[in-house]
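Before any comments, here is the structure.
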Amino acid sequence: MDWVRSFIRRGCAAAGAAALLGAGLSASAAPGSTASTARPPVTLTALLSPTVLSPGKTGQLVVKLRVDPGWHVNSNKPTESYLIPTVMKVDVPAPLRTQPPKYPAGKSVLLSFSPKPLSLYEGTVAWKVPVTVPPGTPAGAKRIAVQVQYQACDTKSCQPPSTLRVSVPAQIAGTGTKSPATDRRKK
């Protein structure tokens, strides 16, 4: 268990360094690096398709978490209780509805500090979340809020836990309005 305490202490040391450096800066820029002003190793994007939703129809929100090479985040179901899971939350304005995200399986990876494989996300992780517009929903602009909580690590240390947020525009079509994806008339 000494390796666990050491690993967690390094994460806490990184958290303290980040707090001293100020918001938006990371304590570790890349594996093996000591630079303190690099961008975070994880980015979040989201796209709604179609961009104009019709009442009574369902669109799809595609959320992508990109993890830089040399870095990883724990899956939603980490193999150890002390590890911080990756958690995605989608908030849709009323009366829109969505379902809880279905998390992809993590990749089983054996790292030098761990006696057993860990369940990790590396590279790009994607979620598809259905967004339903109930019949009778008034036309207008809406925003869908997406957030992902995670902890980015390399093979030597972990950054402090972090949350990324994006806001996705959603236009609700009025009666008799077709979404661009369904309006295929030639003009």
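The values are calculated or read from the model by the stated rules, or taken from the named source; none is laboratory data. Just so it is clear, the structure is predicted and the values come from calculations on it, not from any experiment. For neighbour counting, all protein chains shown are included, and Cβ atoms are generated from backbone atoms with ideal geometry for every residue, glycine included. Protein only, heavy atoms only, side chains kept; ligands, DNA and RNA dropped before computing areas. Shrake-Rupley method; radii C 1.70, N 1.55, O 1.52, S 1.80 Å.
Scan segment 37-51 for residues that are surrounded by 21 or more Cβ atoms within 10 Å (Cβ to Cβ) and without any contact (Cβ under 8 Å) to a residue 60 or more places away in the chain and jot them down.
none
Would you confirm whether or not segment 52-68 contains a residue that is at pLDDT below 95 and open to solvent by 30 Å² or more (accessible area, probe 1.4 Å)?
Within segment 52-68, the subset at pLDDT below 95 is none.
The answer is no; no qualifying residue exists.
When the residues of segment 111-139 are filtered to those that are touching a Leu at 6+ places or on another chain (Cβ under 8 Å) and of a type in the set (D, E, K, R), which remaining residue is surrounded by the most Cβ atoms within 10 Å (Cβ to Cβ)?
Going through the qualifying residues, I end up with LYS128.
Which of (1) open to solvent by less than 50 Å² (accessible area, probe 1.4 Å); (2) farther than 23 Å from ALA152 by Cα; (3) among the polar types (S, T, N, Q) is the odd one out, the single condition GLN99 does not satisfy?
Single failed check for GLN99: (1).
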